[in-house]
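Engineer: Have a look at the structure that comes next, please.
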Amino acid sequence: MSEMMHIIQSTDHVYSFSAENEPAAQASPGDVVTFHTEDAFGGQLRSEADTLDEVNFDFINPATGPLFVSGAQPGDVLAVNFLHMETGSRGVVLSVPGSGVMGDEVPSSTTKIVEIRDRWIEFQPGLRLPKKPMMGVVGVAPAEKSIPSGTPGRHGGNMDTKEVTAGATLYLPVRAPGALLAMGDAHALQGDGEICGTAVECSACATVRVDVRRGCDLQWPWLSNQDRLMVIVSAETTDEAYEEATRQMVRYLVDARGMDFNDAYMLMSCVGSLNISQVVDPLLTVRAEIPHRYL
Ligand code: CA
Ligand code: CA
């Protein structure tokens, strides 16, 4: 049977990851699915006169889906290969009192609307930033009953990891029949940390190929791109997150790659790295990385 193409519109969305969510569409392993996503504010911020005060928080972080992937069962892994990602032409960045790393020093709420061009973003006159679209929220139904779409975790969710972009494959632990994949909160550009709490927030259209892997149960989301293998861990503190991310990567080198523990630990220290994905969501997200060429 040949693969099928599916499209899920942004009006089909959820505000939580849960096995109880009604699927918006169904696909088979190997199928290609296009997710149209609204920005993290559900498009509520339309001009620079709109501030976060006017946003209805019942409608933030909409995640398009969920997609039921036939055959995916608890204990499997859902592979989500990002084939292509495009953004809308309008981006929103916010600086808000109380938000982000220096929230207590923000004098007033500011909304910046930026134009997103083919290759760059007009941040301000004379300052163009390179466009690198990524998806902030990507997840499946968790082992827990329900997790809000603004929270990251073992199921994925609001990981705000800039490497979740075209060309990368995200591996998510399946905990409910059909996996129930949903995504949203695209950024046309985001730096590690997402320091002020928002990046270039935008609508997007992501085309992915979904696949199901059996017999490789994962505890956390893993990500692979052309260069590197990464494990993405979220916790109450960055200390907890980087310790668990390191443990996950070293255990992988030992268990799956057959390395001696000390060699794996030393290799991680020599060529691996720990990076902060975001420090602004309900849990903080760190990723441990190692280049494929040393594996
Ligand atoms: Ca986010
Ligand atoms: Ca966002």
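We did not get these values from a lab; they are worked out from the coordinates using the rules stated. Only a predicted model underlies this, so the values are computations on that prediction, with no experimental measurement involved. When we count neighbours, we look across all protein chains shown, and the Cβ atoms used for this are built from the backbone with ideal geometry, even at glycine.
Engineer: Would you kindly state how much longer the chain becomes between Trp120 and Asn56 on full extension, computed as 0.36 nm times their sequence separation minus their alpha carbon distance, in nm to one decimal?
Structural biologist: Once the chain is fully extended between Trp120 and Asn56, it gains 20.0 nm.
Engineer: Could I ask something else about it? With springs only between Cα atoms under 10 Å, which of Val250, Val271, Val140 fluctuates most in a Gaussian network model of the chain?
Structural biologist: Result: Val271 has the largest fluctuation of those listed.
Engineer: Could you go through the stretch 41-54 in sequence order and give the Karplus-derived ³J(HN,Hα) for each residue, using 6.51 cos²θ - 1.76 cosθ + 1.60 with θ = phi - 60°, rounded to whole Hz, and x for Gly and Pro?
Structural biologist: Values, residue by residue: 9, x, x, 6, 9, 9, 9, 6, 7, 7, 10, 4, 4, 8 Hz.
Engineer: Also, quick follow-up: For Lys131, which lysines qualify as cross-link partners when the Cα separation must be under 27 Å and same-chain residues fewer than eight apart are set aside?
Structural biologist: Qualifying lysines at Cα under 27 Å: Lys112, Lys162.
Engineer: Whole Å is fine, so just give me how far the alpha carbon centre of the stretch 153-207 lies from that of the stretch 114-128.
Structural biologist: Here the two parts' Cα centres lie 22 Å apart.
Engineer: Now, a different point. How large is the dipole of the chain about the Cα centre if only Lys and Arg carry +1 and Asp and Glu carry -1, each at its Cβ, rounded to the nearest 20 debye?
Structural biologist: It comes to approximately 900 debye.
Engineer: Take Met4, Met135 and order them by how many other Cβ atoms sit within 10 Å, fewest up front.
Structural biologist: With the sparsest Cβ surroundings first, the list reads Met4, Met135.
Engineer: Related question: Could you tell me the distance between the Cα centroids of the stretch 1-79 and the stretch 244-295, to the nearest Å?
Structural biologist: Taking the Cα centre of the stretch 244-295 as reference, the centre of the stretch 1-79 is 29 Å away.
Engineer: Okay, moving on. By count of other Cβ within 10 Å, fewest leading, how are His292, His187, His6 ordered?
Structural biologist: Sorted ascending by nearby Cβ count, the order is His292, His6, His187.
Engineer: Just rank Lys162, Lys131, Lys112, Lys145, fewest to most, by other beta-carbon atoms within 10 angstrom.
Structural biologist: Ordered by Cβ neighbours within 10 Å, fewest first: Lys145, Lys112, Lys131, Lys162.
Engineer: For the chain, what does -39500 (n - 2.57) per DSSP helix run (n ≥ 4), summed and divided by total residues, give at 222 nm, in deg cm²/dmol to the nearest 500?
Structural biologist: -3000 deg cm²/dmol
Engineer: What is the chain by shape, rounded, prolate or oblate, if you read a ≥ b ≥ c off the alpha carbon gyration tensor as root eigenvalues and call it rounded for a/c under 1.5, prolate for a/b larger than b/c, and oblate otherwise?
Structural biologist: oblate
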